[in-house]
Amino acid sequence: MEYRPGLEGIIAAETAISFLDVEGEEIVVRGYNLLDLAEHKTYVDVVGLLIDGLLPDEARRSELERSLVAGSAVPGPIWDILRALPPSMHAMDRLRTAVSALGGFDPEVDDHSPEANRRKGLRALAKVGTIVANLHHIAEGRAPKEPDSGRGYVENMLAMITGKPASPAEVQAFDRSLMVYSEHELPNSTFTARVIASTMSDLYGALTGAVASLKGPLHGGANEAVMHMMLEAGTPEGMEALILKKLAAKERIMGFGHRVYMKKMDPRAQLMKETLKTLVSASGDAEGQKWYTLGEVGEAVMRREKGLYPNLDYYAAPVYYVLGIPIELYTPIFFAARTAGLVAHVVEQHAQNRIFRPRVRYTGPRGLKP
Ligand code: ACO
């Protein structure tokens, strides 16, 4: 039996949800190119596509929006649990605890039929958005902000996070980021969710495991690490110096490299780069322009020094910074967006299940006597 460290290049699941066509430079999501969806549709459309399996028509879209907003109120005990946790705990760890606890409030938790999984998935998605938007407020001792029924799901999440209404350009940038974060074939967190679901454990368990996976800086945690690096660099010149220093110390540069894209630009990073440019040009914000220039400098240095290209997290980070989002929420937002894709994968895993149980190449001793 062949051993491939990190399961590189191994086909571990059959899916009709998404596929990274690296040669064709396309992220296929249920037959559509994710970047086309990002240009022409909204996050709620993509939620419908992922969870229902079809792009919603106008009526279904309105129904989805209504149910996400109506379902976004979070049970009081979840806030109590979050308040009881040390504010110093990483936001993803607090989110993991809250997602786990949410399962206790869902009467269908142990019904693994596709219909029940989809219903639970939409309920989970609605509530995760509100929880994520309030992690920072709770850690700072503030009361959680309530969703406003007059706003859409995405607009609500952004307004709850920042505590102020967002402009249409800001909502569009945030919505696009959620779309490109929504689904991406079989990264570590989705694999984790499918592995958990394959024991016929429940959706909330699979989502909880996925939060833990996504926290790591080699995966979703890279977006907040990128922003800390950019802030430490401070200026475009500082960015070049900092990257060179880190490379000399054999450190990894967050936001670069990708197991599947390898030495190609992640198409989602290009879209976020353009989104950042539009956002900062629309507002005429000189400080915002600085992050764009600094990002480009880092990109050029990494291409020159390592032949590596940015992944999505590299440009999502400054987009979130310009939107005024606290850095500790960047990875939780990634999870909120990805919940749609994860739900689709759990529905699919439960519907065509075979338990994951690979083997090992044993390297320990044998024949020892007790
Ligand atoms: N900085 C410096 N060198 C890097 C980086 C990086 N970010 N990424 C890869 N490399 C180098 C490695 O040192 C290695 O070099 P070597 O062959 O000389 O030893 C080579 O590129 C291959 O790297 P691997 O670690 O084998 O690649 P792998 O596919 O296992 O890892 C990963 C992919 C984890 C994404 C890696 O590129 C990385 O650590 N990137 C930084 C973290 C990051 O941005 N994660 C976000 C991923 S995308 C997402 O979750 C949305």
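Does region 48-70 include one or more residues that are among the hydrophobic types (A, V, I, L, M, F, W, C), more than 20 Å from Met157 (Cα to Cα), under 23 Å from the mean Cα position of the chain (by Cα) and not in a helix (DSSP H, G or I)? Within region 48-70, one or more residues are among the hydrophobic types (A, V, I, L, M, F, W, C), more than 20 Å from Met157 (Cα to Cα), under 23 Å from the mean Cα position of the chain (by Cα) and not in a helix (DSSP H, G or I).
If only residues of region 306-329 that are more than 11 Å from the ligand (Cβ to nearest atom) and within 30 Å of Tyr204 (Cβ to Cβ) are counted, the one that is surrounded by the fewest Cβ atoms within 10 Å (Cβ to Cβ) is Glu328. Any chance region 239-250 includes a residue that's within 21 Å of the chain's Cα centre (by Cα) and more than 8 Å from the ligand (Cβ to nearest atom)? Within region 239-250, none of the residues are within 21 Å of the chain's Cα centre (by Cα) and more than 8 Å from the ligand (Cβ to nearest atom). The listed residues are Pro107, Pro114, and the only one of them that is surrounded by fewer than 16 Cβ atoms within 10 Å (Cβ to Cβ) and either of a type in the set (A, V, I, L, M, F, W, C) or in contact (Cβ under 8 Å) with a residue 60 or more places away in the chain (or both) turns out to be Pro114.
Evaluation of Phe191 against the conditions (1) free of Cβ contacts under 8 Å to residues at least 24 places away in the same chain; (2) of a type outside the set (Asp, Glu); (3) under 17 Å from Ile17 (Cβ atoms) shows that the sole unmet condition is (1).
Per-residue answers, yes or no, for (1) at positive phi; (2) crowded, with 20+ Cβ neighbours inside 10 Å; (3) within 11 Å of the ligand (Cβ to nearest atom); (4) in the same structural domain as Ala316 (by TED's automatic domain parsing):
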residue: Arg176; (1), (2), (3), (4): no, yes, no, no
residue: Glu183; (1), (2), (3), (4): no, yes, no, no
residue: Pro187; (1), (2), (3), (4): no, yes, yes, no
residue: Arg194; (1), (2), (3), (4): no, yes, no, no
residue: Gly205; (1), (2), (3), (4): no, no, no, no
residue: Ala212; (1), (2), (3), (4): no, no, no, no
residue: Val226; (1), (2), (3), (4): no, yes, yes, yes
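In region 251-299, the qualifying residues are those that are surrounded by fewer than 18 Cβ atoms within 10 Å (Cβ to Cβ) and polar (S, T, N, Q), and the one that is nearest to the ligand (Cβ to nearest atom) is Gln270.
Taking region 252-298 on its own, how many of its residues are of a type outside the set (A, V, I, L, M, F, W, C) and either under 20 Å from Asp175 (Cα atoms) or in a helix (DSSP H, G or I) (or both)?
Here is the first cut: in region 252-298, the ones of a type outside the set (A, V, I, L, M, F, W, C) are 252, 255, 257-259, 261, 263-264, 266-268, 270, 273-275, 277-278, 281, 283-285, 287-290, 292-293, 295-296, 298.
Then drop every residue that is not either under 20 Å from Asp175 (Cα atoms) or in a helix (DSSP H, G or I) (or both), which leaves 266-268, 270, 273-275, 277-278, 281, 283, 287-290, 292-293, 295-296, 298.
So the count comes out to 20.
Among the residues examined, Arg176 does not qualify as within 15 Å of Ser67 (Cβ to Cβ) and in contact (Cβ under 8 Å) with a residue 40 or more places away in the chain.
The values are calculated or read from the model by the stated rules, or taken from the named source; none is laboratory data. Worth saying up front: this structure is predicted, and the values here are computed from it rather than measured. Methodologically, a virtual Cβ is constructed for each residue, glycine included, from the backbone with ideal geometry; neighbour enumeration extends over all protein chains shown.
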